[in-house]
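In what follows, a single structure is set out as structure tokens and then discussed.
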Amino acid sequence: MKLKRILSGIASVSLCIGVLSGCQAAAPVKETITEASSTEENVFEVPRAQDDFYGYVNAQNLIDISTDCGYVSAGAFDDIGLQVDEQLQEIITSIAYSDDEYEPGSNEQMIRDLYLQCLSYDRETEGSEVFEEVFANIDACESIEDLLSTNVELGSQYGIFAVPAYELQVNPYDTSEYLVCTSIINSFLTLETLGDTEANISNAYDQVSNLLINLGYDYDTSTSSARSIIQMLTSITNVTDYDVLMNNEVDEITNLNSIDELDDMLTNIDVASYLELCGFDTSEISEINVFSVEQIQAINDALTLENLETWKMYTKCCFLAGFSSYMPDYYATSTSTNYVDTERFAFDVVNSTLPIQVGEEFVERYYTEEISTQLEAMCADIKVAYIDMINNCEWLSSSGKVSMIEKFNNITFCLGGPEAHEINASDALLIGDSLFETIRNIKANEAFEHIQKLNEAPDLLEWDMAPQTVNACFSPPANAIFITAAILNAPFFDLNSDYYTNLGGLGAVICHELSHAFDPMGMEYDSSGNYNPEWVSQEDRDNLDAIQSSVIDYYNDFTILEVYHVDGELTACENLADIGSVQCILSMCNNEDDIRALFINYACIWEMLFHDNVILESLTEDVHSPASTRVNAVVSCFDEFYEIFDVSEGDQMYVRPENRVRRW
């Protein structure tokens, strides 16, 4: 995530350092901050490891962040993000200003030409012309057919779909093929919670009305149109089960229909014509998957001539929200990035428009042979330890262990980033005569290449995450984990650190992602990545459910800011992965020094600082526990922690042995 500067005008804010307890309230970090000169020091007391291990390791850094940097959010991930941002800027500018001759279609040629276009981009002239043309095309729509045609044009050229279209998904039941599917409605608004509260509706109304005012509409027109847009959207979102969609409940979100069946369902849309507008050959399509029957029916009901003006206004809002930073100043919105620095504008456009090309250059420079060798060695060690952990699991049946190890042995470790793509000289033609022509060409090419995959076998190991992203993930259909080059920085990984410090950092991340292969969602997919819940016996599933239930109860007892409880059910899968991760890496340690280094760096990687309101919102929205819980709740489960840090009954980190939970 990007660090966000505290808005000017805020006199003071309370920042949550994230002090947590075990099953009782923890003593907060004592902090006194004065408004005197910057030479005065903060007065605080570092908590004991026995009372708050997270605070014990991270307190000083967190206090320094809160007073010196003034960020709304900060921490280990953010520090690496800033470092990677600087590295990417150096890569892009060195390419852009080089006198070298670049091969047509090469990463360097694409990056340089797009960067220089951005530097010469004139919002007041080119920006005005593009947006006036887009809005004129929207205004010219006189029918639903016109609207859908314009919608597909905006989607293929700019990536803006006000009305959901059709796309490809990997068939969850057979990952060797694609399915055509209806998209879920997407928006600059947070649709999944739109109708939950009056406050959410009011905030969305304000956003939309302000966008329309920025487009030059008068107050009455803007507020009236905003009201109609929100009413239309809530009629769609209120019938959509977002829990099912976000939890990826495959049986619920797989609803196969023929084109004729879907045509009967959608009386206001000519399905075959819309598919062809999206670029599909209908003769090649036997079935279409509908993620949410209720949502697509509600969208169909809203696609009427009566609502045409509402859809047109909403489409304009979507375009303005997506491209306001490219527009003349008089179109600026409250969420626009006001680029005073044209170099920064050029960097952001290149990095977001050419993520593959920029990512390959990043990997070439920063994913070194030395890093690769150490990372591969660590992964090999982890494989051995994880299999041992499965074999020693007491709740798994013998057949369950065989099945789990088969799945584990099929997991692919995708490290650093993808292999460099083959240079195609014709890609040079994607750079047009203007910035927006280039953006349209690149987006259209991406849309075309996506549709051409219909009759191909999916490349399950294709990287959906750019290697310059500070992250890692597990993909159930691919049965693979992806570790980006960007996350291979301290405190997660440092060539100059000892093995066990790195094991407590990146090793924990790797094992966390591996553990997702065996969490309640991952267990739905077999060793080939197909959705097949039957690959594990009911006995083993029941045992896993019992473990999950105990983990939910365990985390429900943890609080943030002393009174706000963690939602153990919301965070269950991530908590299971955290516990399984530390259980695995602890088994790889040889002595107390190894374990101490591991625990300390495990706490370091979750060093995070947020505003109180942000951390409180996360308790109801984030599937991850708060950072301090990810440390204190986890380490308190392991006997080694009590031995190394002399934790005993009466200490706030103490959890009774019978209440300590395990994943395996």
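The values are calculated or read from the model by the stated rules, or taken from the named source; none is laboratory data. In this text, all values refer to a predicted model and were calculated from it rather than measured experimentally. A quick note on method: Cβ atoms are made from the backbone with ideal geometry, for glycine too, and the neighbour counts reach across all protein chains shown. Just the protein is used for accessible areas: all its heavy atoms, side chains included, with ligands, DNA and RNA removed. Shrake-Rupley method; radii C 1.70, N 1.55, O 1.52, S 1.80 Å.
Observations
Rundown of residues vs (1) buried (at least 18 other Cβ atoms within 10 Å of the Cβ); (2) of a type in the set (Gly, Ala, Ser); (3) touching a residue at least 24 places away in the same chain (Cβ under 8 Å), yes/no style:
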{"residue": "Asn556", "(1), (2), (3)": "no, no, no"}
{"residue": "Gly568", "(1), (2), (3)": "yes, yes, no"}
{"residue": "Leu598", "(1), (2), (3)": "yes, no, yes"}
{"residue": "Asp612", "(1), (2), (3)": "no, no, yes"}
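- Boolean, Ala428 is touching a residue at least 60 places away in the same chain (Cβ under 8 Å), of a type in the set (A, V, I, L, M, F, W, C) and under 30 Å from Asn530 (Cβ atoms): no
- Cβ separations smaller than 6 Å between residues 6+ apart or across chains give the following pairs from segment 40-68 residues that are crowded, with 17+ Cβ neighbours inside 10 Å and of a type in the set (Val, Ile, Thr) to residues that are outside any loop (DSSP other than H, G, I, E, B) and modelled with pLDDT under 65: Ile63/Phe44.
- Test result for Ser235, of a type in the set (Gly, Ala, Ser) and free of Cβ contacts under 8 Å to residues at least 60 places away in the same chain: no
- Selected residue (only one of Phe474, Phe492, Phe518 is closer than 27 Å to Ile615 by Cβ and assigned to a loop (DSSP other than H, G, I, E, B)): Phe492
- Selection within segment 212-254 - part of a loop (DSSP other than H, G, I, E, B) and either open to solvent by less than 60 Å² (accessible area, probe 1.4 Å) or over 29 Å from Val130 (Cβ atoms) (or both): Leu215, Asn238, Val239, Thr240, Asp241, Asn247, Asn248, Glu249, Thr254
- Pair list, Cβ under 9 Å, 6 or more apart: segment 439-452 residue more than 21 Å from Ile285 (Cβ to Cβ), other residue among the charged types (D, E, K, R): Asn445/Asp427
- Remark: pairs (first residue in segment 627-641, closer than 25 Å to Asn591 by Cβ and in contact (Cβ under 8 Å) with a residue 12 or more places away in the chain; second residue in a helix (DSSP H, G or I) and of a type in the set (Gly, Ala, Ser); Cβ separation under 8 Å; 6+ apart in sequence or on different chains) = Val631/Ala603; Val635/Ala603.
- Any hit, segment 197-206, residues being assigned to a loop (DSSP other than H, G, I, E, B), out of contact with any Asp or Glu (no Cβ under 9 Å at 6 or more places or on another chain) and either within 23 Å of Glu306 (Cα to Cα) or touching a residue at least 60 places away in the same chain (Cβ under 8 Å) (or both): no
- Total residues in segment 143-178, condition over 20 Å from Asp459 (Cβ atoms) and touching a helix residue (DSSP H, G or I) at 6+ places or on another chain (Cβ under 8 Å): 23
- Selection of segment 432-469 for residues being closer than 24 Å to Ala420 by Cβ, open to solvent by 50 Å² or more (accessible area, probe 1.4 Å) and either in contact with a Leu (Cβ under 7 Å, 6 or more places away or on another chain) or in a helix (DSSP H, G or I) (or both) yields Lys443, Glu446, Phe448, Glu449, His450, Gln452, Lys453.
- Among residues of segment 289-306, those that are over 27 Å from the mean Cα position of the chain (by Cα) and not in a helix (DSSP H, G or I), counted: 2
- For segment 364-390, filtering for residues that are without any contact (Cβ under 8 Å) to a residue 40 or more places away in the chain, closer than 15 Å to Ile411 by Cβ and open to solvent by less than 80 Å² (accessible area, probe 1.4 Å) leaves 2.
- Selection count, segment 477-489, where residues are among the β-branched types (Val, Ile, Thr) and either in a loop (DSSP other than H, G, I, E, B) or touching a Pro at 6+ places or on another chain (Cβ under 6 Å) (or both): 1
- Tally of residues being at pLDDT 60 or above and out of contact with any strand residue (DSSP E or B) (no Cβ under 8 Å at 6 or more places or on another chain) across segment 34-59: 10
- Matching option when the condition is in contact with an Asp or Glu (Cβ under 8 Å, 6 or more places away or on another chain) and crowded, with 16+ Cβ neighbours inside 10 Å, among Asn257, Asn268: Asn257
- Residues (under 30 Å from Leu616 (Cα atoms) and part of a loop (DSSP other than H, G, I, E, B)) located in segment 69-124: Gly70, Val72
- Residues satisfying the stated conditions in segment 631-662, i.e. of a type in the set (S, T, N, Q) and open to solvent by less than 40 Å² (accessible area, probe 1.4 Å): Asn632, Ser636, Gln652
- With respect to the conditions (1) touching a residue at least 40 places away in the same chain (Cβ under 8 Å); (2) within 28 Å of the chain's Cα centre (by Cα), Gly400 lacks only one, and its number is (2).
- Exclusive hit being touching a residue at least 40 places away in the same chain (Cβ under 8 Å), among the hydroxyl-bearing types (Ser, Thr, Tyr) and touching a Ser or Thr at 6+ places or on another chain (Cβ under 9 Å), set Thr353, Thr304: Thr353
- The residues in segment 406-426 that are assigned to a helix (DSSP H, G or I) and either open to solvent by 40 Å² or more (accessible area, probe 1.4 Å) or under 22 Å from Val661 (Cα atoms) (or both) can be counted, and the count is 4.
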